[in-house]
1. Given (1) at pLDDT 80 or above; (2) part of a helix (DSSP H, G or I); (3) of a type in the set (S, T, N, Q); (4) closer than 29 Å to Leu211 by Cα, where does Gln257 come up short, assuming only one miss?
2. Looking only at region 112-139, how many residues end up being closer than 28 Å to Glu83 by Cα and either more than 27 Å from the chain's Cα centre (by Cα) or in a helix (DSSP H, G or I) (or both)?
3. Scan Ala180, Ala234, Ala174 and give me the residue that is of a type in the set (Gly, Ala, Ser), modelled with pLDDT under 90 and closer than 26 Å to Glu280 by Cα.
4. Pairs only if they're at least six apart or on different chains, beta carbon under 6 angstrom, first in region 68-91 and touching a residue at least 60 places away in the same chain (Cβ under 8 Å) and farther than 12 Å from Arg8 by Cβ, second of a type in the set (Phe, Trp, Tyr) and assigned to a strand (DSSP E or B); list them, first residue then second.
5. If you take the residues of region 73-87 that are among the small types (Gly, Ala, Ser) and more than 21 Å from Phe159 (Cα to Cα), which of them is surrounded by the fewest Cβ atoms within 10 Å (Cβ to Cβ)?
6. Checking Leu42 against (1) in contact with a helix residue (DSSP H, G or I) (Cβ under 7 Å, 6 or more places away or on another chain); (2) assigned by TED's automatic domain parsing to the domain that holds Ala188; (3) part of a strand (DSSP E or B), only one condition comes out false. Which one?
7. Picking from Glu99, Glu123, Glu105, Glu133, which residue would you name as being closer than 19 Å to Leu175 by Cβ and acidic (Asp, Glu)?
8. With Gln261, Gln242 as the choices, which residue is free of Cβ contacts under 8 Å to residues at least 12 places away in the same chain and farther than 30 Å from Ser67 by Cβ?
Amino acid sequence: MNTILSVRNLKKTFTTNHWFKTNTVFTAVNDISFDLQSGEILGILGANGAGKTTTIQMLLGLLTPTSGEINYFGKSLARHRSEIMQQVTFASAYLKLPEALTTYEVLNFYGKIYSMPATVRHEQIENNLKFFEIENLRDKKTRTLSAGQLSRLTLAKAFLPKPRIVLLDEPTAALDPDIAVNIRAFIAKERRTSGTSIILTSHNMAEVEELCDRAIVFKQGKIIASARPHELTATIKISHLQLVVTDVEKAQQFAQQSGLQHKLEGNLLDIEVGESHIPELLTSIMHAGVKYTEISIEKPTLEDYFLSIANQMEKQS
């Protein structure tokens, strides 16, 4: 694998101007550095306002960095943007499309922007209309489309010219679960068959775990972690022991006496426990006479990792 996108010491500040008080400077992205490898899917995680969208806008050349460098394929984005953007595309659940154009016209327009030969362009348009299940929308104006239909169209557009890099901002946010499953399968296939490199921002932690080779975590404009998803979740030592109990009252009494964090919904008892203490807890449950019909152990997920960061931020504020 080779590096096809290199970001070094990237910083973006905004100055707010008010006639009634001194100008203030807000740092949205604060001295971040990372690389994207050929054929890699890189996830970007962070709370709202963490700097994800600002970073994507700078990677597209829509915002000028205050300082730092962005290099695609060994070339400076600042000096070679037009050439670079012929090989880089973007899709977002929140992207606006030309409202006067039909679905087919949008795809044809963007295909021309990326200099696709007519025969190849029309063939690929038909393929994408079919895959993204928007064939019946080909003659519909984009202003009449639902949020989910627009999301599928923006994805069809992004993958139309077979780009080397695709930047995806919340790509499945407005999609029904069954469509989202197909989209994730498509993204994985494109990487596997075409070697497409992808940067993916998402609030769907399961999506990041499923798709991404590596994830970087933003917090207040800085990167605070970079690792494979399973390596991030490994930093969370708390698991969830879940029991379907037969005596709810006895289970509730045991959980309260244990002093552990727990939830009891109906006859499902969920207890937070450190992995190393699971055998000890099971022994205590047996001695307490808590009967159950089912048992499962939920390992930490990326969502648990993300929630732990949110809790840390809340404590610090």
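1. The one condition Gln257 does not meet is (4).
2. The total comes to 17.
3. Ala234
4. Taking only residues 6 or more apart or on different chains, not a single pair turns up.
5. Let us first name the residues in region 73-87 that are among the small types (Gly, Ala, Ser), namely 74, 76, 78, 82.
Filter once more, so that each one left must be more than 21 Å from Phe159 (Cα to Cα): 74, 76, 78.
Working: Gly74: 10, Ser76: 12, Ala78: 12.
In this case the residue turns out to be Gly74.
6. Answer for Leu42: the failing condition is (1).
7. Working: Glu99 fails: closer than 19 Å to Leu175 by Cβ; Glu123 fails: closer than 19 Å to Leu175 by Cβ; Glu105 fails: closer than 19 Å to Leu175 by Cβ.
Being closer than 19 Å to Leu175 by Cβ and acidic (Asp, Glu) holds for just one of Glu99, Glu123, Glu105, Glu133, which is Glu133.
8. Numbers: Gln242 fails: free of Cβ contacts under 8 Å to residues at least 12 places away in the same chain.
Matching residue, one of Gln261, Gln242: Gln261.
The values are calculated or read from the model by the stated rules, or taken from the named source; none is laboratory data. Keep in mind that what you see is a predicted model, and the values were worked out from it rather than measured. Virtual Cβ from ideal backbone geometry, glycine too; neighbours counted across all protein chains shown.
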